[in-house]
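Trainee: Once you've had a glance at the structure underneath, I'll fire off some questions.
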Amino acid sequence: MNPSDMTVRGLIDALHNRQLSAAEVTEDCLQRIRHAEPALHAFLACDEALARSHAAEADRMLQSGDAARLCGIPFAAKDNICTTDFPTTCSSRMLEGYRSPFDAFALTRLKGAVCVGKTNMDEFAMGSSTEHSAFGPTRNPYDIARVPGGSSGGSACAVAAGMVPFALGSDTGGSVRQPAAFCGVVGMRPTYGSISRRGLVAFASSLDQIGPITRNAADNALILEALCAHDAQDATSVIHPRRDFSRLMAQPLNGLRISIVKEMMDVPMQSAVREAVTSAVHLLEKLGAKIVTLSIPAVADALPAYYIISGAEASSNLARYDGIRFGHRAENCTTLEEVYLRSRSEGFGQEVKRRILTGTHVLSAGYYQQYYAKAQRVRSVLKYQLAEAFRTADVLISPTAPETAFRLGEKQSPVSLYAGDIHTVPAAMAGIPALSIPCGKDSGGLPIGLQLMAPAFCEELLYQAAYALERETGTGADICGEVRV
């Protein structure tokens with residue numbers, strides 16, 4: 001019994017049946033991290049002694065019979081999720097060495113689970129490759145010459161490489177789903193407001209959401225159930241009863257209305273991606289789903305609108321990092337203006353600076369109506385058209401990304417990087433849930449992701465379709481396959 005190859009549900013059974021101890025499971029994860037980390041750089045912080053201490057405490061809870069469901073399960077958290085045990089740097093020199101005085105609300109929901117460390121990311125979650133980390137890039141476990149996606153690349157890499165059975169990421173415009181696709185794992189962006197954002201360092205507050213990354217759909221549903229709860233200290237947190245995201249998982253797909261989004265299939269994409277998605281659609285139809293094609297014209301305008309809105313919110317949120325209130329402070333400054341200028345110039349990387357400048361520009365006098373207000377109108381139209389689409393569809397389907405993982409350093413143009421978010425930003429802009437699951441590989445053995453979207457608070461429909469595909473294709477089993485490290 002090799003814990004590194006087991007899924008969360010398998011580990012829960014083994015721990016609660018005393019077939020494994022939390023100490024054994026944690027030690028196995030730490031050994032895997034030691035083995036794979038030099039090649040992959042998925043982690044920014046990992047404290048073995050602390051992990052062993054928490055595992056020992058989990059074993060005491062398991063033996064007493066007073067253990068929560070996830071007690072003893074190791075996991076990792078993206079480095080923009082606040083933790084008291086580890087620094088929270090957002091992969092930025094601006095917050096290098098910063099320690100939060102509190103744990104993020106999402107972490108407090110994982111009672112008894114063992115956080116082994118913090119994962120690498122694009123600085124302040126601004127990127128699609130995890131190349132924009134101030135502490136060096138993460139590499140794809142299927143091919144270390146390629147990116148793992150971003151901005152939650154470290155979390156997706158850690159799960160795919162067997163370092164941890166699950167990890168937390170954050171998704172603003174696709175930052176859980178796209179790296180999940182590139183690394184061949186399952187990533188969920190839940191309905192906006194489902195998981196509290198308290199303790200998640202803000203990038204774009206109307207878009208940011210924490211989401212789980214796992215090896216299969218069943219595990220993902222289990223982690224999401226643990227994370228979802230109302231938080232009175234987060235004004236965007238939704239009040240809802242405890243939900244069973246697994247309740248439809250084993251149900252047949254007979255009559256489930258799944259619609260292909262025409263605009264998402266008409267964009268340029270890698271031929272292997274198109275073929276894999278088409279094959280998955282045919283398989284869903286074979287399993288009983290009713291397949292149709294829908295047109296949602298506003299989808300075509302979602303990407304530029306997203307980059308205007310997210311940049312504007314980033315400009316506002318990151319204004320606090322000025323060397324006075326928060327963040328890195330430049331030395332030997334003689335004027336207040338010099339403190340601001342040098343602290344922000346030294347603390348922020350190029351991509352963050354680019355987005356702050358863009359966001360400040362679209363909010364400035366004379367340009368607000370031309371850019372920001374217009375982008376918000378596009379967002380409203382997109383929400384309306386998606387709501388109309390869900391009158392005739394239960395689930396929408398598309399690729400997660402138009403290509404498989406690209407080579408490190410291959411995309412020098414920011415525009416080419418931004419274009420990779422074309423399939424993921426519509427769900428983020430509308431605040432609806434979206435799930436990425438593996439649906440095949442290209443000729444080089446690189447994973448391909450399939451994206452499923454549902455109406456707000458209908459995550460169980462996504463898990464139902466995903467589980468049906470996993471069961472039919474044999475993926476997502478209790479024992480996971482090896483990746484090339």
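Trainee: Using DSSP to call loops (not H, G, I, E or B), can you name the GluC sites (Glu not before Pro) in the stretch 377-485 whose Cβ has at most 10 other Cβ atoms within 10 angstrom?
Mentor: E482
Trainee: Separate question: Considering only DSSP beta bridges with both partners in the chain, what is the antiparallel share in %, to the nearest 5?
Mentor: Roughly 60 percent of the beta bridges in the chain run antiparallel, per DSSP.
Trainee: Another one. Which trypsin sites (Lys or Arg not before Pro) in the stretch 227-283 pass both tests, a DSSP loop state and at most 10 other beta-carbon atoms within 10 Å?
Mentor: Hits after loop and neighbour filter: R242.
Trainee: May I pose another question? Take the Cα atoms of the stretch 226-370, build their convex hull, and give its volume per residue in Å³.
Mentor: Looking at the stretch 226-370, the number lands at 219 Å³ per residue.
Trainee: Per residue, how large is the accessible surface of the chain? Use a 1.4 angstrom probe and give square angstrom.
Mentor: That works out to 37 Å² for each residue.
Trainee: Expressed as a whole percentage, what fraction of the accessible surface of the chain belongs to carbon and sulfur atoms when a 1.4 Å probe is rolled over the protein heavy atoms?
Mentor: Looking at the chain in its full context, I get 53 percent from C and S.
Trainee: Percent antiparallel among DSSP beta bridges with both residues in the stretch 147-291, to the nearest 5?
Mentor: If we restrict to bridges inside the stretch 147-291, about 80 percent are antiparallel.
Trainee: Hey, another quick one. Would you mind getting the Kirkwood hydrodynamic radius of the stretch 359-482 from its Cα pairs, rounded to one decimal in Å?
Mentor: One over the average 1/r among Cα pairs gives 17.1 Å for the stretch 359-482.
Trainee: Right, another one. Determine the alpha carbon to alpha carbon distance for each of K78/K411; K262/K383; K286/K383; K78/K374 and list only those over 22 Å.
Mentor: Where the Cα-Cα span goes over 22 Å, the pairs concerned are K78/K411; K286/K383; K78/K374.
Trainee: Hey, could you get me the Stokes-Einstein D for the stretch 9-111, Kirkwood radius over alpha-carbon pairs, 10 °C and 1.306 mPa s, rounded to whole µm² s⁻¹?
Mentor: Translational D for this selection: 107 µm²/s.
Trainee: Give the span of the chain's Cα atoms along each principal axis, as three whole-Å numbers ordered largest to smallest.
Mentor: Largest first, the chain extends 64, 54, 45 Å along its Cα principal axes.
Trainee: List the chymotrypsin sites (Phe, Trp or Tyr not before Pro) within the stretch 102-206 that DSSP assigns to loop and that have no more than 15 neighbouring Cβ atoms inside 10 Å.
Mentor: F102
The values are calculated or read from the model by the stated rules, or taken from the named source; none is laboratory data. Being a predicted model, the structure only gives us computed values, none of them experimental. Please note: Cβ atoms are built from the backbone with ideal geometry, for glycine as well, and neighbour counts cover all protein chains shown. In case anyone asks, the SASA skips ligands and DNA or RNA and just uses the protein heavy atoms, side chains included. Shrake-Rupley method; radii C 1.70, N 1.55, O 1.52, S 1.80 Å.
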